[in-house]
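Beneath this line is the structure, given in structure tokens, with notes to follow.
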Amino acid sequence: MTHFLARRALGLALTVWIVVTLAFLMMRLVPGGPFSAERRLPAAVAANVDARYHLDWPLWRQYVQYLGPLNVDTHGLFGDRERVFGGVLAGDLGPSFRHRDYTVNQILAESLPVSLALGSLALVWSIALGTVIGVVGAARRGSKLDLWLRMGSSLGIALPSFVIAGLLVLVFALTLGWLPVAGNTSFAHFVLPSLALGAPVAAYIARLVRTGLIEALSQDYIRTAIAKGLPFSTVVRRHALRGGLLPAISYLGPAAAGVLTGSLVIERIFAIPGTGSHFVASALDRDYTLALGVTIVYSVLIYSLNALVDLAYTRLDPRIALEEL
Amino acid sequence: MSLLEVTNLRVRYDTPRGPVWAVDQVSFKLDAGETVALVGESGSGKSTTALAILGLVAFSGGTVETGEIWFGGKNLLALREDELRAVRASEIALVFQDATAALNPFLTIGLQIAEVLEVHRGLSRREALVAAGKALGDVGIAEPEARLASFPHELSGGQRQRALIAMSLIAKPKVVIADEPTTALDPALALLVLDLLRREREQNGAGVLLVSHDLELVASEAKRVHVMYAGRVAESADADELFAAPWHPYTAALWRARPRLDGERPKRLAAVAGAPVDPAALPTGCAFHPRCEFVVERCRRERPDLSGLLRAEGAMSLRSGRRSACFEKERLALPREEASTP
Ligand SMILES: Nc1ncnc2c1ncn2[C@@H]1O[C@H](COP(=O)(O)OP(=O)(O)OP(=O)(O)O)[C@@H](O)[C@H]1O
Ligand code: SF4
Ligand SMILES: [Mg+2]
């Protein structure tokens with residue numbers, strides 16, 4: 001176990017470093033800067049602003065400063081303490097270039113909990129519902145019910161989330177008036193967005209569980225279990241479910257990361273101040289530090305969730321040893 | 001009355017190429033304490049027959065069209081699913097061929113054995129595990145209690161095979177169906193399996209239905225043999241009679257083509273000349289006629305029924321119940337007579 005954790009921690013550090021470096025370079029390669037979209041600044045002012053954020057530095061120096069904690073600021077560690085930021089390794093993601101009075105840390109501290117809460121809610125219901133639908137579909141394979149459930153899942157996968165969101169708002173908020181249209185001030189505000197956010201995940205899980213379970217049910221050892229005189233429900237629950245769930249579980253790593261980090265579309269529609277909208281906006285605005293900050297959070301999340309999935313795998317399948325992962 | 005009696009069994013699989021009658025008009029009996037064998041080349045319907053007895057053909061997409069399977073005064077084919085469940089493993093057990101595939105890789109050996117007793121004998125998990133440990137010891141697994149917590153992949157091939165047999169036989173079934181129990185095994189392991197099956201028969205009086213394509217094995221183990229070809233029984237006879245003088249050209253060819261004792265045990269049934277029959281496109285008349293050296297005109301038009309000899313010498317066959325589905329069986333059964341008639 002410690003072996004596994006140590007290796008994963010190392011892997012995480014390496015992955016994040018590579019992601020940060022690539023993102024850092026890529027963002028500088030696209031033309032335009034954080035301030036080029038604004039009214040043309042007088043050349044002197046532009047130079048001032050650039051100097052304030054060290055955009056006038058050579059790239060390598062900016063990179064070293066960004067990573068930290070090595071300080072290459074002209075003012076120096078013992079200078080006038082005007083260092084712009086301490087660097088990623090010191091846990092300081094720097095100031096936002098666009099949200100002038102905020103640091104990236106502040107923005108994330110405000111928006112990430114919102115996205116995480118919404119995403120967890122979406123995950124919980126979509127995993128539960130998707131699994132149940134998948135199991136029912138596999139157990140009643142070929143029945144009318146199975147057909148309907150499969151059609152439902154196909155819709156959930158095919159429909160874009162803004163369509164689902166729109167339909168939900170239309171029915172439950174505008175027509176029935178049961179739930180608020182938008183905002184994030186109460187639990188009720190989270191219901192519709194979590195439904196819209198989780199719908200494709202639930203549909204995908206339903207499909208993966210169904211095919212996984214059908215595959216598992218066709219194994220020789222299932223025939224053995226039936227030949228032992230076990231009730232079908234026991235055969236499914238005890239003998240088929242573990243194997244049948246494995247595909248859905250490997251999907252869950254990336255899916256959970258995607259849902260937890262928030263979706264731009266859902267957050268826009270429901271006016272939820274989550275991280276998802278910041279990610280896209282920051283990239284478009286060339287808000288370098290914010291975009292990099294969100295990227296770092298995302299990659300940490302994705303990497304950790306995948307490690308979690310691997311861990312779950314070893315719990316489910318005794319043939320996979322933790323040491324080999 | 002026999003322990004198990006199969007009459008007129010007919011099983012259909014619907015395949016993309018049309019319906020296949022994998023088993024057709026198959027009848028046989030099995031008594032307590034005896035071994036009866038089904039032999040035949042690949043695709044002759046042996047496994048399907050075995051699976052039909054426990055109502056398992058639906059699992060692979062087959063349908064039992066006609067037939068009766070009498071066991072303990074009940075027709076198994078007429079039972080409800082829950083009644084049939086009570087028979088499985090408890091009264092009639094299947095020993096599957098490939099232990100690696102037949103054991104669930106996700107569950108411990110102990111649980112897989114114990115659950116048989118839990119469901120059929122109402123034991124608690126704890127009691128059932130104790131019994132499972134004993135059963136593992138009985139089939140010769142060292143440190144049986146420790147092995148209860150092992151997963152199948154943690155055992156050697158031999159241990160897995162032993163565990164599978166312990167699992168199949170733990171509820172002391174009256175009928176044991178062994179489908180190719182030795183085919184994939186090395187000789188030492190094959191001997192072990194046969195030994196365990198024999199012990200079950202001799203000590204507990206179980207009837208053993210042995211499904212195999214290994215003629216040597218069948219000749220040494222079985223009292224009665226049913227040779228299957230293209231889903232039908234080609235010949236039924238006591239083992240000693242059958243191999244001394246086959247009454248069906250297919251049996252004769254099989255017996256001639258069998259690998260010799262000094263050779264290796266065959267993985268597949270030794271080749272009989274001619275192409276194996278395609279069950280989706282059965283020849284007219286006798287299904288064996290394209291490969292038969294005794295073929296006559298009638299064989300291409302009519303299908304021979306399974307029956308004894310018509311002549312006086314056939315009276316013996318009535319007593320022993322020996323039968324062959326061949327128009328020309330007299331030529332095989334009474335070769336001397338044929339030689340004397342011009
Ligand atoms: N699930 C299935 N679907 C369609 N056809 C099947 C199925 N299982 C078996 N068959 C067909 O039924 C026939 C009999 O098969 P069966 O497995 O009973 O033969 P077998 O005598 O046990 O052969 P083997 O020695 O290869 O095990 C074969 O022609 C096979 O193609
Ligand atoms: S019936 Fe005719 S074809 Fe069939 S086995 Fe007998 S002799 Fe051969
Ligand atoms: Mg078979």
May I ask for the Kirkwood hydrodynamic radius of segment A:105-324, worked out over all distinct Cα pairs and given in angstroms to one decimal? 19.0 Å
Tell me, what is the percent relative contact order of chain A, built from C-alpha pairs under 8 Å that lie six or more residues apart? 23 percent
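Just for chain B, what percent of DSSP beta bridges are antiparallel, to the closest 5?
Details: 28 of 47 bridges.
Bridges in chain B are about 60 percent antiparallel.
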How far, in degrees from 0 to 90, does helix A:104-139 lean away from the longest principal axis of the Cα atoms of chain A, to the nearest 10? 10 degrees
B plus A alone minus the pair: what accessible area, both sides summed, probe 1.4 Å, in Å² to 100? 2300 Å²
For the protein assembly as shown, state the semi-axes of the equivalent ellipsoid (square roots of 5 times the eigenvalues of the alpha-carbon gyration tensor), sorted largest first and rounded to whole angstrom. 72, 26, 24
Give the angle, between 0 and 90 degrees and rounded to the nearest 10, that separates the Cα long axis of helix B:109-121 from the longest principal axis of the Cα atoms of chain B. 80 degrees
With Cα coordinates, the longest principal axis of chain B makes an angle with the long axis of helix B:125-138, in degrees rounded to 10, of 60 degrees
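Could you pull out the pairs from A:LYS228/B:LYS74; A:LYS228/B:LYS29; A:LYS144/B:LYS46; B:LYS174/B:LYS329; B:LYS29/B:LYS134; A:LYS228/B:LYS134 whose alpha carbons sit more than 26 Å apart here? Could you put the intermediate results ahead of the total?
On the way: A:LYS228/B:LYS74 19 Å; A:LYS228/B:LYS29 23 Å; A:LYS144/B:LYS46 35 Å; B:LYS174/B:LYS329 35 Å; B:LYS29/B:LYS134 33 Å; A:LYS228/B:LYS134 19 Å.
Long pairs (Cα-Cα over 26 Å): A:LYS144/B:LYS46; B:LYS174/B:LYS329; B:LYS29/B:LYS134.
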For the protein assembly as shown, give the magnitude of the charge dipole about the Cα centre (Cβ charges: +1 Lys/Arg, -1 Asp/Glu; no others), in debye to the nearest 20. 820 debye
I'd like the distance separating the alpha-carbon centroids of segment A:170-242 and segment A:280-305, in whole Å. 30 Å
For segment B:1-85, what is Rg from Cα atoms divided by 2.2 N^0.38 Å, rounded to two decimals? 1.09
Name the most mobile residue of A:THR289, A:THR211, A:THR21, meaning the one with the largest mean-square fluctuation, in a Gaussian network model of chain A with Cα contacts below 10 Å. A:THR21
Find which of B:PRO290, A:GLY293, A:PHE4 sits farthest along the positive direction of the dipole of the protein assembly as shown, computed with +1 on the beta-carbon of Lys and Arg, -1 on that of Asp and Glu, about the Cα centre. A:GLY293
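Leaving out ligands, DNA and RNA, and with a 1.4 Å probe, what % of the accessible surface on segment B:38-191 is carbon or sulfur?
Values: 3050 of 5740 Å².
On segment B:38-191, the fraction of accessible area on carbon and sulfur atoms equals 53 percent.
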Given 10 °C and 1.306 mPa s, how large is the Stokes-Einstein diffusion coefficient of segment B:4-226 in µm²/s, with Rh as the Kirkwood radius over Cα pairs? 89 µm²/s
Over the Cα atoms of segment B:50-101, what radius of gyration and what Dmax do you get, in Å? 11.5, 35
Say the dipole of chain A comes from +1 at the beta carbon of Lys and Arg and -1 at that of Asp and Glu; which of A:TRP178, A:ALA225, A:TYR251 then lies farthest toward its positive end? A:ALA225
Over chain B, relative contact order from alpha-carbon pairs under 8 Å, at least 6 apart, %: 20 percent
Run the helix sum for chain A: -39,500 (n - 2.57) per DSSP H stretch of 4+ residues, divided by residue count, reported at 222 nm to the nearest 500 deg cm²/dmol. -22000 deg cm²/dmol
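How many percent of DSSP beta bridges within the protein assembly as shown run antiparallel, rounded to 5? Can you show the working numbers first?
Values: 29 of 48 bridges.
The answer is about 60 percent antiparallel.
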Given a 1.4 angstrom probe, I'd like the percentage of the accessible area of chain A that is carbon and sulfur, rounded to a whole number. 68 percent
One would report the antiparallel percent of DSSP beta bridges in segment B:136-281, rounded to the nearest 5, as 55 percent
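Let me know the charge dipole size of chain B about its Cα centre in debye, to the nearest 20, where only the beta-carbon of Lys, Arg (+1) and Asp, Glu (-1) is charged.
Values: 42 positive and 45 negative charges, 63 e Å.
Dipole of chain B, to the nearest 20 debye: 300 debye.
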Mind checking the per residue accessible area of segment B:4-226 for me, 1.4 Å probe, whole number of Å²? 38 Å²
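The values are calculated or read from the model by the stated rules, or taken from the named source; none is laboratory data. Values in this document were obtained by computation on a predicted structure and should not be read as measured data. Reconstructed Cβ throughout: ideal geometry from the backbone, glycine too, with neighbour counts over all protein chains shown. We work out accessible area using only protein heavy atoms, side chains counted, and drop any ligands, DNA or RNA first. Shrake-Rupley method; radii C 1.70, N 1.55, O 1.52, S 1.80 Å.
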